[in-house]
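To start, the structure itself, in structure tokens.
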Amino acid sequence: MSGSYDILIVGIGGQGTILASNILGEACLLENRHIKGAETHGMAQRGGSVESHIRIDGEFGPLITPGQADLLISFDLLEALRYSHYLKKGGKMVVNSHLVLPTSVFTQKLAAPSEADIIAALKKHQLCLLDADSLAVEAGSPLSANVVMLGAASSVMPLKPASLLEAVKCLVPKKTVEINVKAFETGRKAGGKF
């Protein structure tokens, strides 16, 4: 592989974006791969926009420039649309079909795009759309949706699924390991190859 493989993970505060990026980082360390990463938090609170940049085997800084991401993992439909310009031509997206409307839609009576409009705009990319929230509940906890998303994206990442799974086991709370292993495997099956 030449150059870096760039992954942008986006979501809303409280969805587990940072844990997901830490899992990718741990998997890289387990494989003795070079990694650079950075997170930015919109207000660093539940409900604010959060983005994590992960650059695997890259030589330069940790931030991905627009138009250069190989993979976008989004825990929310609107966040996928907001950050879709980061994908390179031929880039792939794994997107949770969940939609959280920002409070400005309600407080300022702004028009919000419909789910159908958002999905139509995202289809210009290679898109894997799944209901990670339902799959997480099926795995045993709604809090494991972030791990479901990593499982769904694992088939297109340059990391071994076994390394990703080992990283999950290392980083999630010990009492939730079994649920998160199931969440990863459920996501992997749902994501398939796209």
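Please treat every number below as a calculation from the coordinates, not as lab data. Source: prediction; values computed, not measured. Using ideal geometry, Cβ is built from the backbone for each residue, glycine included, and neighbour counts are taken over all protein chains shown.
Structure note, pairs Lys123/Lys189; Lys36/Lys123; Lys160/Lys182; Lys123/Lys169; Lys169/Lys189: Cα-Cα distances above 23 angstrom occur for Lys36/Lys123; Lys123/Lys169. Considering only beta bridges that DSSP places wholly inside the chain, some 50 percent are antiparallel.
Once you list every other residue whose beta carbon is under 15 Å from the beta carbon of Tyr5, what net charge do they have if Lys and Arg are +1 and Asp and Glu are -1? Summing Lys/Arg as +1 and Asp/Glu as -1 gives +1.
Only helices enter this figure: runs of n ≥ 4 DSSP H residues, each worth -39500 (n - 2.57), summed and divided by the residues of the chain, yield -11500 deg cm²/dmol at 222 nm to the nearest 500.
Panel order for Ser154, Ser114, by other beta carbons found within 10 Å of each beta carbon, from fewest to most: Ser114, Ser154. The ranking of Cys28, Cys128 by Cβ neighbour count inside 10 Å, starting from the fewest, reads Cys128, Cys28. Straight Cα distances below 12 angstrom link Lys89 to the aspartates and glutamates Asp70, with same-chain residues fewer than 8 positions distant left out. In percent, rounded to a whole number, the relative contact order of segment 5-188 is 22, using alpha-carbon pairs under 8 Å and six or more apart. The charge dipole of segment 5-188, taken about its Cα centre with unit charges on the Cβ of Lys, Arg, Asp and Glu (plus for the first two, minus for the last two), comes to roughly 120 debye.
Cβ-to-Cβ counts within 10 Å put His98, His85 in ascending order as His85, His98, the fewest first. Each of the peptides 174-180, 147-153 was scored by the mean count of other Cβ atoms within 10 Å over its residues; in descending order, highest first, they stand as 147-153, 174-180. Given 25 °C and 0.890 mPa s, how large is the Stokes-Einstein diffusion coefficient of segment 5-188 in µm²/s, with Rh as the Kirkwood radius over Cα pairs? Translational diffusion coefficient: 150 µm²/s.
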